[in-house]
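Colleague: I'd like to ask some things about the structure below.
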Amino acid sequence: MGLGVLGGAFDPPHVGHLALARAAIDHFGLDRLLVLVVEDPGHKRTATPVDVRLELTRLAFDELPEVEVELDRHARTVDSLEERRLPDGTVFLIGADELADLPGWKRPERVLELVRIGVVMRPGVPEDRLRDARAHLPAPDRIEYFELEPFPVSSTAIRARVADGESIDGLVPPRVAEAIARLGLYASAEYTGAEEERTQTD
């Protein structure tokens, strides 16, 4: 069975995350996609507690039967992967910007031993940064690129729109929008300028 892993803060999850999940499932022929909601990303604050982000993420991915949503208590990818002991051939999904930063992760060589890396190509990441990152990583054959039509949406922008009283229709799944309104999330501007959530970067 093909297994993929997608991690992040999901604060909140949005339609871009769903598009990424669908593209990865199709490209890699995944039977299961494990979506990990990181409890403490380590390098930044989150706007909502992890139990709220878990609820939102489960609502967002409910329409994809291949997806399982779980809590990730580890701030570093390698620690999470070591504990989970995933089957050989598991694909860990990251963006091109995360690949450029991969040499600076905790034990990147071990990450590449534990999983294959599926890199979604996004505009705005210079080719020379990607080439330089690959040159500093072992086992480049464990890295595979796939394409995704760009979605002009981010969790940071969604939080800002909510704080400004603007609509987020079409940016998040309807059930996520309903939960944000019901729980009164992101109404304060305190966290709207926070750094965008990682996809398990370190």
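The values are calculated or read from the model by the stated rules, or taken from the named source; none is laboratory data. On a predicted model such as this, the values are computed, not experimentally measured, just so you know. Every residue, glycine as well, gets a Cβ built from its backbone with ideal geometry; the counts of neighbours run over all protein chains shown.
Colleague: Which residue, of E166, E109, E149, E178, is more than 15 Å from L20 (Cβ to Cβ), part of a loop (DSSP other than H, G, I, E, B) and not β-branched (V, I, T)?
Modeller: Step by step, each of E166, E109, E149, E178 is checked, and only E166 is more than 15 Å from L20 (Cβ to Cβ), part of a loop (DSSP other than H, G, I, E, B) and not β-branched (V, I, T).
Colleague: Separate question: Which ones in segment 112-146 are at pLDDT below 90, over 20 Å from the mean Cα position of the chain (by Cα) and assigned to a helix (DSSP H, G or I)?
Modeller: Within segment 112-146, E127, D128, R129, R131, D132, R134, A135, P140, D141 qualify.
Colleague: Kindly indicate whether any position in segment 177-200 is basic (K, R) and modelled with pLDDT of 95 or more.
Modeller: Taking segment 177-200 and keeping what is basic (K, R), we get 182, 198.
Retained after the next criterion (residues that are modelled with pLDDT of 95 or more): 182.
Within segment 177-200, one or more residues are basic (K, R) and modelled with pLDDT of 95 or more.
Colleague: Which residue out of E113, E63, E109, E98 is charged (D, E, K, R) and crowded, with 19+ Cβ neighbours inside 10 Å?
Modeller: Of E113, E63, E109, E98, the one residue that is charged (D, E, K, R) and crowded, with 19+ Cβ neighbours inside 10 Å is E98.
Colleague: Filter segment 41-74 down to the residues that are free of Cβ contacts under 8 Å to residues at least 40 places away in the same chain and farther than 27 Å from V162 by Cα, then identify the one that is farthest from the chain's Cα centre (by Cα).
Modeller: Step one: filter segment 41-74 for residues free of Cβ contacts under 8 Å to residues at least 40 places away in the same chain, giving 49-51, 54, 58, 65, 68-71, 73-74.
So of that shortlist, the ones also farther than 27 Å from V162 by Cα come out as 65, 68, 73-74.
Values: P65: 18, E68: 14, R73: 15, H74: 14 Å.
Looking at the filtered set, the residue picked out is P65.
Colleague: May I pose another question? Which condition from (1) out of contact with any Leu (no Cβ under 7 Å at 6 or more places or on another chain); (2) within 14 Å of F10 (Cα to Cα); (3) charged (D, E, K, R) is the one that E70 breaks?
Modeller: Going through the list (1) out of contact with any Leu (no Cβ under 7 Å at 6 or more places or on another chain); (2) within 14 Å of F10 (Cα to Cα); (3) charged (D, E, K, R), E70 breaks only (1).
Colleague: Going by the structure shown, is S155 of a type in the set (S, T, N, Q) and at pLDDT 85 or above?
Modeller: Spelling it out, S155 is indeed of a type in the set (S, T, N, Q) and at pLDDT 85 or above.
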